[in-house]
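Structure record follows, encoded as structure tokens.
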Protein chains: 2
Amino acid sequence: MMHLVTLSPLNQVRLLWVGLLIVKLTLPTAISAQKDPWAEDKAFLQELFKQSLADGKAYPWLRDLCHGAGHRLSGSIGAEKAVRWAKAVLDTCGLDTVWLQPVMVPRWERGAPEIVEILGTPKRKSLRLPALALGGSVGTGGKAVVGEVVEVRSWEALDSLGKQGVSGKVVFYNRPMECRHFNTFEAYGGAVDQRVFGPSRAAKYGAIAVLVRSMGLALDDYPHTGTLRYDSAYALIPAAAISTNAAERLSALLREEGNARVSITLNCRTLPDVLSYNVIGEIRGSLTPDKILLVGGHLDSWDVGHGAHDDGAGCVQSMEVLYRLRKLGYRPRHTLRCVLFMNEENGLRGGLTYAAAAEENEEVHLFALESDAGGFTPRGFSFEADPEIIDYYFEQILHFEELLRPFGLMFWRGGSGADISPLRGQKGLLAGLRPDSQRYFDFHHTTADVFEAVHPRELQLGSASMAALIYLIDKYGL
Amino acid sequence: MMHLVTLSPLNQVRLLWVGLLIVKLTLPTAISAQKDPWAEDKAFLQELFKQSLADGKAYPWLRDLCHGAGHRLSGSIGAEKAVRWAKAVLDTCGLDTVWLQPVMVPRWERGAPEIVEILGTPKRKSLRLPALALGGSVGTGGKAVVGEVVEVRSWEALDSLGKQGVSGKVVFYNRPMECRHFNTFEAYGGAVDQRVFGPSRAAKYGAIAVLVRSMGLALDDYPHTGTLRYDSAYALIPAAAISTNAAERLSALLREEGNARVSITLNCRTLPDVLSYNVIGEIRGSLTPDKILLVGGHLDSWDVGHGAHDDGAGCVQSMEVLYRLRKLGYRPRHTLRCVLFMNEENGLRGGLTYAAAAEENEEVHLFALESDAGGFTPRGFSFEADPEIIDYYFEQILHFEELLRPFGLMFWRGGSGADISPLRGQKGLLAGLRPDSQRYFDFHHTTADVFEAVHPRELQLGSASMAALIYLIDKYGL
């Protein structure tokens, strides 16, 4: 029930004023209490993604890089072109500084196409297999290495064959990548030891050469190259990857005929190290310029295809992060630095050189983000840091995940990127962009990894996702 | 400090027994208190995804459907083949019942390939444009419709042209899908009104035919067909989609030359309705068989390509959900039903017939899940229900999201699927599988939507995701 009081007209007016005053004083508070404190950031992120999709730079830049420089193994003409191209593009992005950081890199050349053949028998013709020498392999000295094939699917099988079973033969590693893994990088991790360590472990028992089933989940005719690591305690023997279809065929033939001989001709060789560069651009921070947020990928690639997914994508995305934030008029508090590393594929010299120089110059990297898992739709980021501090970091950034969820992004703990891993000692936070991994190993290190295999929207979403994370970390710190 | 007591040997043994008893009684409790209560479900889901990736059925089934039946517009031979094929496959899946539900469907035929040409002038030759009649369009009566083109990009532009600007002409709708949207279905939703309503809205002003820019985000040469909706108040005029490249070209020519005439020949026609079927299979529930959990897609497609993404993918995924749960030995509490709907594309008769029959038979659908957004990597599920109850439902299922997160899945509120939407009146929960949408409109309703455009792992992950959600809802209810 209302309590009624009769008021004079003047008092009625006074009461009205008081009422309005109360409304005036309380309403804005009430509204701002309801107002989303993240509204400005949400609007910024929306605009960032929209610009990246409607007016993206990464995709046309990737076309230029792939069609202009082509593949770009460290020390090659393509790599040299890529360095010049990247520097020139960054020079147009309105950054504060763009420079080249010298790096001495290994130089390995494939030479004339490799020939791997299953030798014929009186009953059947010889058969040439799609093959690529492994990066860093020795050649076969201008002639063919011929030998009987012995297939193994595990290190145990190799060890139990021993010298008696292996000496003088060609070891054929045929353990497939395990398709049951949801994340294809796990499948890769579970099989790539054959490629990396296989040659020396076979040489230990006197093998004369090695063939490796390609690292891929699809059955196809694309051989996948990639690096090997020789153990100098044993003979350096030639090693090549054959396509998954070829591996199936060779294995079937061994089952059917009991044995098979192959002929392997590799024309590859290692030359002296040459000078190359990391390409770096930065926007100087307005508040704490001595603290760096790094974003990067690697500019080198294998010497087949365009290196479009691996890792042209990561380079152009990183370049666009700085371009885009500049274009949006964002003034970063920290120094934002884009680093295009040289020689991730066969030496990591760019990453090591960069980290050593950072150490020497007492540069502090609060955060580093690498994109080196393909130009596919981004699914989120994985984060790593010193075990002592990762819990703290992860808690700090977890509320950013909510802001990035509308763009389909999740946060995990996990690896970051090879090039930025030497920065781990600085105790900053390291992250990797995690694109959808399902198709990656259909392209990785093969002639199929071309510009045309990258989808414009997927690539641009990656770039926008990276810019979004950099923006949030820059604005709110860690 | 320990309090020591001297014990006789017998008492020592007794004490040992007591001690062991205490250990026996407390240890399991202590362990189970620490034990993850979801451990069993997590293991089940892991196994489900692994089996789906290693021994998937959806992918080989999709090959059979696409290469065996081909495209399958309602009332076509392909649709008839698909019904027989799906029934035969479900018959091998160890389900409790498999049956066909009769549905009368519209029958529209494209006839001989359509011809859409920009007519030549003394200065240039005529130019044929990649085109597809819109589904349901009338034909041009065995001759060409020729007229001047008037381009519009909005309804306002059409209305302001009015009868004077449109009468006797061919209206060319050229408002592109908006690429700035993160979700391409939003972009589709913002442009598809031109295709659906364009013909009759142009006919209202006396237009003689309609050309529509294809619904796609890429600039390419694939015209996209799709349904139109005539308003019987106006003349039924012929309508075709031209490819996005063709639309750009026609628009440029109109800008350059001020006008252009086109010739349109469509040989399509609508025939009397024919009998077809929804294909249904179920596993009867062990606890509450009267409550149904439905999973489905639509078996019909447009009459170009294979209808692989739209929606062969959704069908084979739904079929595998029941197959996979059976194979894993899971005994469902509720009745699990797989429904392959007929005629989603141009009538929704299958969905309407199914819902009407369910109503008549007093069947209760606690949950229905549709996959009809392509066979790409699943990103999660969107859920809808009666507004009164959606909050409750969403809270009920939110803890499932945590269990599905390792497989990259998120939950949103949003639409479910066209075929299951007539079940909304039952007040159950409806959901749609949400695959990555970035590439979908490169294929949707075009000749490019073929089996080969579907990635085996991406398709299988969709099937596993659906089975995982059905498992959790079946086990824990709503």
Leading residue by the ranking (farthest from A:ALA260 (Cα to Cα)) among those in the stretch A:171-188 that are of a type outside the set (S, T, N, Q) and touching an Asp or Glu at 6+ places or on another chain (Cβ under 7 Å): A:ALA187
Hits in the stretch B:230-266 (condition: farther than 15 Å from B:LEU127 by Cα and without any contact (Cβ under 8 Å) to a residue 40 or more places away in the chain): B:ASP231, B:SER232, B:ALA233, B:TYR234, B:ALA235, B:ARG255, B:GLU256, B:GLY258
Breaking point among (1) free of Cβ contacts under 8 Å to residues at least 12 places away in the same chain; (2) within 14 Å of chain B (Cβ to nearest Cβ), for A:PRO456: (1)
Among residues of the stretch A:181-207, those that are among the hydrophobic types (A, V, I, L, M, F, W, C) and within 12 Å of chain B (Cβ to nearest Cβ), counted: 2
Test set (1) assigned to a helix (DSSP H, G or I); (2) within 12 Å of another protein chain (Cβ to nearest Cβ); (3) of a type outside the set (A, V, I, L, M, F, W, C); (4) surrounded by 22 or more Cβ atoms within 10 Å (Cβ to Cβ) - B:TYR471 fails condition number: (2)
Verdict on A:GLY147 being modelled with pLDDT of 95 or more, closer than 22 Å to A:ALA203 by Cβ and not in a loop (DSSP other than H, G, I, E, B): yes
Qualifying position, being within 14 Å of chain B (Cβ to nearest Cβ), closer than 26 Å to A:ARG84 by Cα, touching a strand residue (DSSP E or B) at 6+ places or on another chain (Cβ under 8 Å) and in a loop (DSSP other than H, G, I, E, B), among A:GLY374, A:GLY417: A:GLY374
Some residue of the stretch A:391-405 being crowded, with 18+ Cβ neighbours inside 10 Å, assigned to a loop (DSSP other than H, G, I, E, B) and in contact (Cβ under 8 Å) with a residue 24 or more places away in the chain: no
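Listed here are the residues, each with its yes/no results for (1) out of contact with any helix residue (DSSP H, G or I) (no Cβ under 8 Å at 6 or more places or on another chain); (2) of a type in the set (S, T, N, Q); (3) over 26 Å from A:LEU336 (Cα atoms).
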{"position": "A:TRP38", "(1), (2), (3)": "no, no, no"}
{"position": "A:LEU45", "(1), (2), (3)": "no, no, no"}
{"position": "A:GLY56", "(1), (2), (3)": "no, no, no"}
{"position": "A:TRP85", "(1), (2), (3)": "no, no, no"}
{"position": "A:ALA88", "(1), (2), (3)": "yes, no, no"}
{"position": "A:SER126", "(1), (2), (3)": "yes, yes, yes"}
For A:ARG457: the one exception among (1) more than 28 Å from A:LYS291 (Cα to Cα); (2) in contact with a Ser or Thr (Cβ under 6 Å, 6 or more places away or on another chain); (3) part of a helix (DSSP H, G or I): (2)
Yes/no for A:ARG249 being farther than 20 Å from A:PRO199 by Cβ and either within 14 Å of chain B (Cβ to nearest Cβ) or not aromatic (Phe, Trp, Tyr) (or both): yes
Subset of the stretch A:111-137 that is of a type outside the set (A, V, I, L, M) and touching a strand residue (DSSP E or B) at 6+ places or on another chain (Cβ under 6 Å) - its residue that is farthest from A:ILE292 (Cα to Cα): A:SER126
Test result for A:GLY380, surrounded by fewer than 24 Cβ atoms within 10 Å (Cβ to Cβ), without any contact (Cβ under 8 Å) to a residue 12 or more places away in the chain and within 26 Å of A:LEU459 (Cα to Cα): no
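Any idea which of A:GLU388, A:GLU395, A:GLU458, A:GLU452 is touching a Gly at 6+ places or on another chain (Cβ under 9 Å) and of a type outside the set (Gly, Ala, Ser)?
Among A:GLU388, A:GLU395, A:GLU458, A:GLU452, only A:GLU458 is touching a Gly at 6+ places or on another chain (Cβ under 9 Å) and of a type outside the set (Gly, Ala, Ser).
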A:ASP64 vs. criteria under 21 Å from A:GLY374 (Cα atoms), away from chain B (no Cβ under 14 Å) and not small (Gly, Ala, Ser): yes
Which listed residue is within 14 Å of chain A (Cβ to nearest Cβ) and farther than 19 Å from B:GLU345 by Cα, from B:GLU156, B:GLU178: B:GLU178
Members of the stretch A:420-437 that are more than 12 Å from every other protein chain (Cβ to nearest Cβ) and surrounded by 21 or more Cβ atoms within 10 Å (Cβ to Cβ): A:ILE420, A:LEU423, A:GLY428, A:LEU429, A:LEU430, A:ALA431, A:GLY432, A:LEU433
Selection count, the stretch A:311-339, where residues are closer than 19 Å to A:ASP64 by Cβ and assigned to a helix (DSSP H, G or I): 15
Count of residues meeting criterion [part of a helix (DSSP H, G or I) and more than 19 Å from the chain's Cα centre (by Cα)] in the stretch A:79-96: 9
Search result, residues across the stretch A:185-212 that are β-branched (Val, Ile, Thr) and over 19 Å from A:SER232 (Cβ atoms): A:VAL192, A:VAL212
Residue match in the stretch B:216-230 (condition: part of a strand (DSSP E or B) and surrounded by fewer than 21 Cβ atoms within 10 Å (Cβ to Cβ)): yes
Inter-residue pairs, beta-carbon under 7 Å, first assigned by TED's automatic domain parsing to the domain that holds A:GLU156 and in the stretch A:176-194, second among the charged types (D, E, K, R), 6+ apart: A:PRO176/A:ARG213; A:ARG180/B:LYS50; A:ALA187/A:GLU178; A:GLY190/A:GLU178; A:ALA191/A:ARG175; A:GLN194/A:ARG175
Hits in the stretch B:452-468 - residues which are surrounded by 21 or more Cβ atoms within 10 Å (Cβ to Cβ) and farther than 19 Å from B:LEU404 by Cα: B:VAL454
Criterion violated by A:GLU248 - all others in (1) surrounded by fewer than 16 Cβ atoms within 10 Å (Cβ to Cβ); (2) acidic (Asp, Glu); (3) assigned to a strand (DSSP E or B) satisfied: (3)
Boolean, A:LEU294 is in a helix (DSSP H, G or I) and either loosely packed, with under 15 Cβ neighbours inside 10 Å or in contact with a strand residue (DSSP E or B) (Cβ under 9 Å, 6 or more places away or on another chain) (or both): no
B:LEU158, sole failed condition from (1) crowded, with 19+ Cβ neighbours inside 10 Å; (2) more than 27 Å from the chain's Cα centre (by Cα); (3) assigned to a strand (DSSP E or B): (3)
Residue that is nearest to the chain's Cα centre (by Cα), among those in the stretch A:459-468 that are within 12 Å of chain B (Cβ to nearest Cβ) and not small (Gly, Ala, Ser): A:LEU459
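The values are calculated or read from the model by the stated rules, or taken from the named source; none is laboratory data. Worth saying up front: this structure is predicted, and the values here are computed from it rather than measured. Positions of Cβ are generated from backbone atoms using ideal geometry, with glycine treated the same way; all protein chains shown enter the neighbour counts.
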